[in-house]
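The values are calculated or read from the model by the stated rules, or taken from the named source; none is laboratory data. Predicted model only: the values in this text are computed from it and were never measured. Reconstructed Cβ throughout: ideal geometry from the backbone, glycine too, with neighbour counts over all protein chains shown. Accessible surface areas use protein heavy atoms only, side chains included; no ligands, DNA or RNA. Shrake-Rupley method; radii C 1.70, N 1.55, O 1.52, S 1.80 Å.
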Amino acid sequence: MYRMSRKFICLILFAAVITASCVSTNAYALWEEDNYQWKYIGDYGYVTGWQEIDNRWYYFNPEDGTMKRGWFYDTQYNKWYYLSADGDMVHSKTTSNYPQELNNIYEKIKQYVNEEITYKWTNNIDGNIFMCFISKNNGGTRQFYYHVLTGNVYEMKNGNLTNLATHEVFNIFTEEQAVQVIKDYLSKGYKYIPQIIKVDSDDGESYLVHCYDDKGYYYESNSWYYVNKTTREVRPMI
C-alpha cells in the first residue's frame, strides 16, 4: 500500500511539472495599446498573421503587428473574414464572395463620387470605427471614410474628414492628442520630456509641436516635431 501511494504521488508531481512547463511557454504574452491600435506581444516579440488567443482568432498585420478590424480578404485562403471592433473573428460572416455589407457601403459612397473606389481597410481612429475606400485618378489618391456608428460618409482632406453631405469638417485628431503623441514618442525613445509641450502651428497636414523648458531668460531642450494628422507619424524638424 505504501509503495502504491508513493508511485501515485510521483505521477501527480510529474503531471504538475508538465503542466507548469506548458503554462510558462506563454508567460510573457500581453496586449499593448497605442492610440487605439492594438498589438500582442508573445514570447518572441510582436506576433503577426493569424493568432488564436483565449480561444478566439485575431489577425495581426505582417508589416507592423497591429491588429486588424472589419472585413479582411486573406489571399492565402481566398476568403473574406470579418473581425469585430475588438479584433476577434466572427465565424458566421466568413465568406468566399465579396461581402454584401461592403457592396452597400460602396453604393452609398458612390452617391458622392464619380470615380471607381475600392475597399481598403477598417480601423479605429481616435475611438471612431471607419471603413476606408480609396480611388485613384490623374490627380492622385482620394480616401473616403464610412463612419460605422453614424453612417456618414467623409473624405480625408488635409488631415481632416469632410462630410460629403453637409460639408462639415470632422476633426478626428486634436491638438491635445498631438501633444500626447509627442509625450509617448519621447517616452518610448527613453528621451527627456521637457516641461512645456504645445502645438505651435497647423499646416493642414501636420501639427508642428514645440517642446522646451522655460527658464525665464532662455529655453532649454528646445526641439520641434511634426505630427502627421492622418498617420500620427512623428518627424523631428530639421
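Of all residues in segment 194-209, those satisfying the criterion of being of a type outside the set (D, E, K, R) and either touching a residue at least 12 places away in the same chain (Cβ under 8 Å) or part of a helix (DSSP H, G or I) (or both) are 194, 195, 196, 197, 199, 204, 206, 207, 208, 209. If we scan segment 89-102, do we find a residue that is farther than 24 Å from residue 169 by Cα, modelled with pLDDT of 95 or more, open to solvent by 50 Å² or more (accessible area, probe 1.4 Å) and among the acidic types (Asp, Glu)? Yes, there is a match, as at least one residue in segment 89-102 is farther than 24 Å from residue 169 by Cα, modelled with pLDDT of 95 or more, open to solvent by 50 Å² or more (accessible area, probe 1.4 Å) and among the acidic types (Asp, Glu). Could you tell me which residue of segment 193-238 is modelled with the lowest pLDDT, considering only residues that are surrounded by 12 or more Cβ atoms within 10 Å (Cβ to Cβ) and of a type in the set (Phe, Trp, Tyr)? Selected residue: 219.
Close Cβ contacts (under 7 Å, 6 or more residues apart or on different chains) running from residues in segment 105-129 that are more than 15 Å from residue 164 (Cα to Cα) and open to solvent by 40 Å² or more (accessible area, probe 1.4 Å) to residues that are among the aromatic types (Phe, Trp, Tyr) and in a loop (DSSP other than H, G, I, E, B) comprise 127/36. Among the residues of segment 130-143, those identified as open to solvent by 40 Å² or more (accessible area, probe 1.4 Å) and of a type outside the set (Ser, Thr, Tyr) are 136, 137, 138, 139, 142, 143. Name the strands (runs of 3 or more DSSP E) wholly inside segment 95-185 in which the number of residues that are closer than 18 Å to residue 233 by Cβ is 3 or more. Because the criterion is at least 3 residues that are closer than 18 Å to residue 233 by Cβ, the strands (runs of 3 or more DSSP E) in segment 95-185 that meet it are 118-125. Scanning segment 46-59 for residues that are open to solvent by 100 Å² or more (accessible area, probe 1.4 Å) and either among the aliphatic types (A, V, I, L, M) or part of a loop (DSSP other than H, G, I, E, B) (or both) turns up 54, 55.
When segment 60-79 is filtered for residues that are of a type in the set (Phe, Trp, Tyr) and open to solvent by 30 Å² or more (accessible area, probe 1.4 Å), the ones remaining, listed by number, are 73, 77. Take segment 19-45 and flag every residue that is in a loop (DSSP other than H, G, I, E, B) and modelled with pLDDT under 75. Once the filter is applied, which keeps residues that are in a loop (DSSP other than H, G, I, E, B) and modelled with pLDDT under 75, segment 19-45 yields 25, 26, 27, 28, 29, 35. Test residue 184 against the criterion of being under 18 Å from residue 34 (Cα atoms), of a type outside the set (Val, Ile, Thr) and open to solvent by 30 Å² or more (accessible area, probe 1.4 Å), and give yes or no. Here the answer is yes, as residue 184 does meet what is asked.
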